[in-house]
Structures are given as C-alpha cells and as structure tokens.
Amino acid sequence: DIPGKEILAITVEYPPGGADPIHKHDAHVFVYVLEGAVVMGLKGGKEVTLTQGQTFYEAPQDVHTVSRNASTAKPAKFLVVFVKEKGRDPVLPLR
C-alpha cells in the first residue's frame, strides 16, 4: 500500500559513449542492466560500473551525477523502475 504513488517502468538505451546530464528523480529508482555496461554515480558517492544482471538504487533525495555507457564501442540498455508521486515527471533536470 503506497497511497498517492505509482510505478513506472521504462527501458533506456545508451548508444556507444552515450550519457545523461546531472538530474534527480524525486522517486525510489531501481535500475537493472539488460545489455552492455553502464557507469552510475550519486552525489557524495563513488561511481560504479554495472554489467548485465546487476542493479542500482537511488533514493528520492539523491542527485544522479553520473549516468553513462561504459563503452565507446557497444550500446547499453537498462530497465528503470520508478516508485513516484502520481502525475509527477520521473526525471527532473538540475541546473
């Protein structure tokens, strides 16, 4: 029971060398790597490289400082599951 919350699941694909800018989610975020390898990092933490079958978690207050394909030659694909406020955008860019 999570009143006012909803689950959103998406797949993200990074081309070789692909990345996202710094952002946050205001959600509980669960990442599962489907193909390739990705580098993830949160403000104040160490970067980690995840490969197929590995997972990553972000809390609602975390700032996602690093999110990129670990390879400049191969694509990467991962599943992202958000537990978020109903109607709220899943990704919030930071300036």
Legend entry - For residue 71: the one exception among (1) at pLDDT below 95; (2) on the phi < 0 side of the Ramachandran plot: (1)
Legend entry - Single unsatisfied condition, residue 39 versus (1) over 12 Å from the mean Cα position of the chain (by Cα); (2) open to solvent by less than 60 Å² (accessible area, probe 1.4 Å); (3) not polar (S, T, N, Q): (1)
Legend entry - Of residues in region 1-14 being in a loop (DSSP other than H, G, I, E, B) and not aliphatic (A, V, I, L, M), the one surrounded by the most Cβ atoms within 10 Å (Cβ to Cβ): 4
Legend entry - Sole exception among (1) closer than 15 Å to residue 16 by Cα; (2) loosely packed, with under 13 Cβ neighbours inside 10 Å; (3) under 11 Å from the mean Cα position of the chain (by Cα) for residue 67, by number: (2)
Inset, instruction - Scan the strands (runs of 3 or more DSSP E) fully inside region 15-95 and keep the ones with 1 or more residues being touching a residue at least 60 places away in the same chain (Cβ under 8 Å), under 27 Å from residue 2 (Cα atoms) and not aromatic (Phe, Trp, Tyr). - result: 27-35, 76-85
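The values are calculated or read from the model by the stated rules, or taken from the named source; none is laboratory data. The shown structure was predicted, so the numbers you read here are calculated from the model rather than taken from an experiment. Counting neighbours? That spans all protein chains shown, and the Cβs are built from the backbone with ideal geometry, glycine included. Accessible surface areas use protein heavy atoms only, side chains included; no ligands, DNA or RNA. Shrake-Rupley method; radii C 1.70, N 1.55, O 1.52, S 1.80 Å.
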